[in-house]
Amino acid sequence: MTNQRESGGEAGDFTAADEPFALIEAWLLEATASEPNDPTAMALATVDADGLPNVRMVLLKGIDERGHPERGFVFYTNLESAKGRELAASGKAALLLHWKSLQRQVRVRGLVSSVTAEEADQYFATRPRLSRIGAWASDQSRPLESRLAFETRIATYTAKFGLGEIPRPPHWSGFRVTPLEIELWHNRAFRLHDRVVFRRADAKAGWTKARLYP
C-alpha cells in the first residue's frame, strides 16, 4: 500500500481553518514526532543596510499563547550578530518552517520586536551550561583568527564562572516575529499542492484568508 505522505496525500482539510496559529501548533506537534532532526529549525530572512538579503537557520523557541498582545514566533540570538543588528535596524523579518517528513511548510512575514528581559532570562536558564558559556565566549558573526582562540575564550569563561550560576550576557536576548502574513503549504501529487495564505493589516486585526494556485 502506498504511504499517503509519500504520494502527496491530504493532511486533513487544513484549508478550512479560520486562523493559522492552531494549525501551525498541530503541525509542529506532528513534526516533533516525525522529523528526524530539529523539527523547530526555521530559516530566518533579513536584509542588511544595503538591502541585500541574508538567510540562515535558527531554532523556534516558542509560539506565544493565545491572547498575547504580540502573539508570534520567538527565537534567541546574540544581539551583536549580523542577524541581531539587521533585525534591530529593519524591524521586519521572514521565517520558513519546512518539514520534509510531512511534506509541509509554513511561511511567515511580519514585524520584529524584542522579548522582555524576564523572558530572555527564563529561557537562558534552561540552556545547557556549555551553551550558556558559549553565549559569553562567542563574538558571533565577527572574524575569528583560529579555533584555538575560540576554545581559549571558552576556557576563560568556564574558569570565570566555575560552578556558580551563569547570568545571561547583556548582548544575548530574543526576538519575536509578529506575523502579518502566514502561508501554509502541503504537498500534493503531481505538484497540485494546497496553499492557503492568511493576511492582516496589523497585529490586532482579524485574518483574511485566500487559497493560492500552487
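Segment 121-214: which GluC sites (Glu not before Pro) are DSSP loop and have at most 13 other beta-carbon atoms within 10 angstrom?
145, 165
Could you list 190, 175 so that the one with the fewest beta carbons within 10 Å of its beta carbon is first and the one with the most is last?
190, 175
Please list the helices of the chain that count as membrane-span-like by this rule: a mean Kyte-Doolittle hydropathy of at least 0.5 together with Cα atoms stretching 27 Å or more along the helix axis, each helix being a complete DSSP H run.
Long hydrophobic helices here: none detected.
Please label the shape of segment 24-124 as rounded, prolate or oblate, based on the square roots a ≥ b ≥ c of the eigenvalues of the alpha-carbon gyration tensor (a/c under 1.5 means rounded; beyond that, a/b larger than b/c means prolate, else oblate).
Since a/c reaches 1.5 but b/c is at least a/b, the shape of segment 24-124 is classed as oblate.
Going 7 Å from the Cα of residue 61 toward and past its Cβ, which residues in segment 148-173 have a backbone nitrogen under 19 Å from where you end up?
In segment 148-173, the label zone of residue 61 (backbone N under 19 Å from the point 7 Å along Cα→Cβ) covers 165-173.
Compute the semi-axes of the equivalent ellipsoid of segment 127-167, taking the square root of 5 times each eigenvalue of the Cα gyration tensor, and list them largest first in whole Å.
Listed largest to smallest, the semi-axes of segment 127-167 are 19, 11, 7 Å.
When the label point is put 7 Å from the Cα of residue 54 along its Cα-to-beta-carbon vector, which residues of segment 113-154 have a backbone N closer than 12 Å?
Flagged as within label range: 140-143.
Counting alpha carbon pairs within less than 8 Å and at least 6 residues apart, what relative contact order, in whole percent, applies to the chain?
It comes to 23 percent, rounded to a whole number.
Picking from 206, 180, 190, whose Cα lies most toward the positive end of the charge dipole for segment 164-214 (charges on Cβ: Lys, Arg +1; Asp, Glu -1)?
Checked the options; the winner is 190.
Cut-off under 22 Å on the C-alpha distance; same-chain residues fewer than 8 positions from residue 83 excluded. Which lysines are left, in chain and number order?
Correct list for residue 83: 61, 92.
For a footprinting-style exposure proxy, rank 197, 108 by other Cβ within 10 Å, fewest first.
197, 108
So how strong a dipole does segment 127-167 carry about its Cα centre when Lys and Arg Cβ are +1 and Asp and Glu Cβ are -1, to the nearest 20 debye?
I would put it at about 120 debye.
Computed from these coordinates, which is Rg/Rh (Cα atoms, Kirkwood Rh): (1) 0.95; (2) 0.99; (3) 1.02?
Only one listed value fits the structure, namely (3).
Using +1 on the beta carbon of Lys and Arg, -1 on that of Asp and Glu, and nothing else charged, what's the dipole of the chain about the Cα centre, debye to 20?
My answer is approximately 300 debye.
Coordinate-derived values only; no laboratory data. What you see is a predicted model, and the numbers here were worked out from it, not measured in a lab. Quick reminder, even Gly has a Cβ in these numbers, built from the backbone with ideal geometry, and neighbours come from all protein chains shown.
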